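Okay, so here's the structure we're looking at.
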Amino acid sequence: MDTPYRTISVKPLSGALGAEIEGVDIASDLDDEQFAEIHRAFADYSVILFRNQSLTQEQHIAFARRWGDINVNRFFTGVAENPIIAEVRKEPDQETNIGRNWHTDHSYDTIPALGSILYAREVPEFGGDTMFSSMYRAYETLSPGMRKTLESLNALHSSRHVFGVMNGRKPDQSGRIGNPELATQDAIHPIIIEHPISGRKALYVNSTFTVQIEGWTKEESQPLLQYLYRHASQPDFTCRIRWEKNALAIWDNRATWHCALNDYQGQRRLMHRITIEGVPLKGV
Ligand code: SIN
């Protein structure tokens with residue numbers, strides 16, 4: 001880090017990405033200096049975590065608005081009182097969870113979301129952690145030849161096969177994920193992007209939403225994409241959040257993947273998610 005933080009304490013979660021921030025009460029009005037330092041930690045670590053934050057829905061929304069405009073997810077069920085907050089919920093009798101596989105949210109949009117602010121309202125006694133992987137590390141550890149090849153390629157991302165009618169959704173997702181008729185988004189993005197905040201290069205494909213490489217068939221695309229998915233999910237590139245009630249995390253969709261572990265059958269987990277609008281992505 002170039003300059004030490006003055007108003008917050010920042011403790012890395014792993015050598016790859018993620019940091020826990022202490023000395024912040026999100027419910028209070030954060031002054032501009034403290035918010036600027038939180039923003040800097042977000043740029044430095046891509047995932048930031050705050051524990052012991054007691055927030056009303058309105059305070060969660062007010063904090064989110066400091067990061068940008070709110071992007072209302074088309075597919076997740078919204079919280080009844082404030083539908084701009086998406087509910088990420090699993091009941092004890094439900095088998096599937098939301099976000100089980102590695103992905104980055106909204107890569108199917110032409111202007112993908114900056115990231116999400118996830119707040120833990122009810123957590124299982126054990127399990128239900130979220131894992132993140134650094135797409136900076138994924139890019140930086142490829143060979144110079146592979147990096148050069150990928151820098152000239154774009155990929156197609158889509159929501160259709162995940163949220164659309166062709167998904168063959170399990171009945172226990174009903175009430176949590178809906179509007180399959182709205183799953184019509186397709187977007188082309190560079191495979192290597194220049195990160196809009198840090199200017200660093202990051203790998204930008206993910207196994208949930210990326211469909212194929214532009215100008216290649218699906219069959220031709222799969223071996224390279226599958227190689228990249230294996231490469232980018234190496235444990236050394238990851239960090240893991242062990243949730244507690246009232247913890248809040250913010251992640252950067254342009255620099256990370258995440259996956260929500262589904263290892264808490266028979267228990268309830270309720271998270272509130274607000275997603276922030278992003279900017280168009282540039283290649284390198
Ligand atoms: C998500 O994919 O946004 C959900 C993450 C989580 O529930 O941990």
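Condition check ((1) away from the ligand (no atom under 15 Å from the Cβ); (2) crowded, with 16+ Cβ neighbours inside 10 Å) across all residues:
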| position | (1), (2) |
| --- | --- |
| THR208 | no, yes |
| THR217 | yes, no |
| LEU224 | yes, yes |
| TYR229 | yes, yes |
| GLN234 | yes, no |
| ALA255 | yes, yes |
| ASN262 | no, yes |
| LEU270 | no, yes |
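Of everything listed in (1) more than 20 Å from GLY18 (Cα to Cα); (2) in contact with a Leu (Cβ under 8 Å, 6 or more places away or on another chain), the single unmet condition for ILE241 is (1). When you scan region 56-75, do you find a residue that is out of contact with any Gly (no Cβ under 7 Å at 6 or more places or on another chain), within 16 Å of the ligand (Cβ to nearest atom), farther than 25 Å from LEU17 by Cα and of a type in the set (D, E, K, R), even just one? Among the residues of region 56-75, at least one is out of contact with any Gly (no Cβ under 7 Å at 6 or more places or on another chain), within 16 Å of the ligand (Cβ to nearest atom), farther than 25 Å from LEU17 by Cα and of a type in the set (D, E, K, R), which makes the answer yes. Residue-level check: of (1) under 18 Å from the mean Cα position of the chain (by Cα); (2) over 21 Å from LEU118 (Cβ atoms), LYS218 misses just (1). Checking ARG121, ARG100 one by one, the residue that is of a type in the set (Lys, Arg), within 24 Å of ASP186 (Cα to Cα) and touching a Leu at 6+ places or on another chain (Cβ under 9 Å) is ARG100 and no other. For THR110, the requirement of being without any contact (Cβ under 8 Å) to a residue 24 or more places away in the chain and either more than 13 Å from the ligand (Cβ to nearest atom) or assigned to a helix (DSSP H, G or I) (or both) is not met.
Considering the conditions (1) within 27 Å of ILE48 (Cβ to Cβ); (2) in a strand (DSSP E or B), SER198 is excluded by exactly one of them, (2). Within region 273-284, being closer than 23 Å to GLY127 by Cα and either more than 10 Å from the ligand (Cβ to nearest atom) or free of Cβ contacts under 8 Å to residues at least 24 places away in the same chain (or both) holds for one residue alone: ILE274. You will find that of ALA155, ALA138, ALA120, ALA80, the residue that is surrounded by fewer than 15 Cβ atoms within 10 Å (Cβ to Cβ) and either in a strand (DSSP E or B) or more than 16 Å from the ligand (Cβ to nearest atom) (or both) is ALA80 and no other. Looking only at region 201-220, residues that are part of a strand (DSSP E or B) and under 15 Å from GLU140 (Cβ atoms) come to 3 in all.
Just to be sure I understand, how many residues within region 236-253 are in contact with a strand residue (DSSP E or B) (Cβ under 8 Å, 6 or more places away or on another chain) and either within 26 Å of PRO92 (Cβ to Cβ) or more than 15 Å from the ligand (Cβ to nearest atom) (or both)?
10
Being modelled with pLDDT of 95 or more and of a type in the set (Gly, Ala, Ser) is the filter here, so list the residues in region 140-166 that pass it. Across region 140-166, the qualifying residues are SER143, GLY145, SER152, ALA155.
Among the polar types (S, T, N, Q), assigned to a loop (DSSP other than H, G, I, E, B), under 27 Å from GLN226 (Cα atoms) and more than 14 Å from the ligand (Cβ to nearest atom): does that describe THR149? It is false that THR149 is among the polar types (S, T, N, Q), assigned to a loop (DSSP other than H, G, I, E, B), under 27 Å from GLN226 (Cα atoms) and more than 14 Å from the ligand (Cβ to nearest atom). Scanning region 58-77 for residues that are over 16 Å from LEU114 (Cα atoms), crowded, with 17+ Cβ neighbours inside 10 Å and modelled with pLDDT of 90 or more yields one hit, HIS60.
The values are calculated or read from the model by the stated rules, or taken from the named source; none is laboratory data. Model, not experiment: these values are computed from the prediction. Cβ coordinates were reconstructed from backbone atoms using ideal geometry, including for glycine residues, and neighbour counts include every protein chain displayed.
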